[in-house]
1. So which residues in segment 9-43 are open to solvent by less than 40 Å² (accessible area, probe 1.4 Å) and assigned to a loop (DSSP other than H, G, I, E, B)?
2. Which of the following residues is touching a Ser or Thr at 6+ places or on another chain (Cβ under 7 Å) and either more than 15 Å from GLN144 (Cβ to Cβ) or among the polar types (S, T, N, Q) (or both): VAL68, VAL91?
3. So which of GLU48, GLU56 is in a helix (DSSP H, G or I) and among the acidic types (Asp, Glu)?
4. Answer yes if at least one residue in segment 94-106 is surrounded by 19 or more Cβ atoms within 10 Å (Cβ to Cβ) and assigned to a strand (DSSP E or B), and no otherwise.
5. Being under 18 Å from HIS50 (Cβ atoms), open to solvent by 10 Å² or more (accessible area, probe 1.4 Å) and within 14 Å of the chain's Cα centre (by Cα) is the filter here, so list the residues in segment 107-125 that pass it.
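The values are calculated or read from the model by the stated rules, or taken from the named source; none is laboratory data. In this text the structure is predicted, and so the values were computed from the model without any measurement. Cβ placement follows ideal geometry from the backbone for every residue including glycine, while neighbour counts extend to all protein chains displayed. We work out accessible area using only protein heavy atoms, side chains counted, and drop any ligands, DNA or RNA first. Shrake-Rupley method; radii C 1.70, N 1.55, O 1.52, S 1.80 Å.
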Amino acid sequence: PALTRPPLEPFHPRDPDYVGRVRASFDLQQAMRLIGAHLAVVEPGYTEIHLPYRQEITQQHGFIHGGVVGMIADSAAGYAANTLTPADSSVLTVEYKLNLIAPADGERLVARGEVIRSGRTLIITKAEVFAIKAEQWTLCAVMQQTIMAMHGRKEKGV
C-alpha cells in the first residue's frame, strides 16, 4: 500500500488561484517535460511530482540518476513554497542539501515537497523522494531547501 503522509501544518494561500498559477508555472518547465515528470498534487504548502522510470534518465547501474532525483525534489519543494506566495510573485531556489539514502530503483519516483516555515521573503521547505517498485515504497532521498519569494516578479508566460 502507498505510504500515507502526516497532516500538514495549516497554511493559508495568499492567492485564491494558487493551484492554477502553480500548475501554469510547472508547465513552463522544459526540464520537467524532458525527464517526463508531472505535477500530481497541489495543496497549500504541499506538492507531489511523479516521475515514471525511463531508461534515458538512468545512470550506469540502471537506477534513476541522482541529479534527476535532485531535480524533482527541488521542484516539488519549490512549488510547495509557491502555493503560499501572492499572485504577483514567483519563487527561486537559494540553496538545498540533498541526501541520497538509497538507490532510486523503481518503476516510478514520487517527490513530496512540503513547507516547513513560510516567511515573507524566505521559505524553508523539505522534500522526500520515494522509489516505488512492485508497490513497495522506499525512501531514496531527503532534502532541505531555502526558497526566495520574488515579490512583484511573475514568471514569463504566467
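1. ASP15, GLY36, ALA37
2. On the way: VAL68 fails: touching a Ser or Thr at 6+ places or on another chain (Cβ under 7 Å).
So the residue among VAL68, VAL91 that is touching a Ser or Thr at 6+ places or on another chain (Cβ under 7 Å) and either more than 15 Å from GLN144 (Cβ to Cβ) or among the polar types (S, T, N, Q) (or both) is VAL91.
3. Numbers: GLU48 fails: in a helix (DSSP H, G or I).
One residue alone meets the criteria, GLU56.
4. No.
5. ARG112, GLU114 - these are the residues of segment 107-125 that are under 18 Å from HIS50 (Cβ atoms), open to solvent by 10 Å² or more (accessible area, probe 1.4 Å) and within 14 Å of the chain's Cα centre (by Cα).
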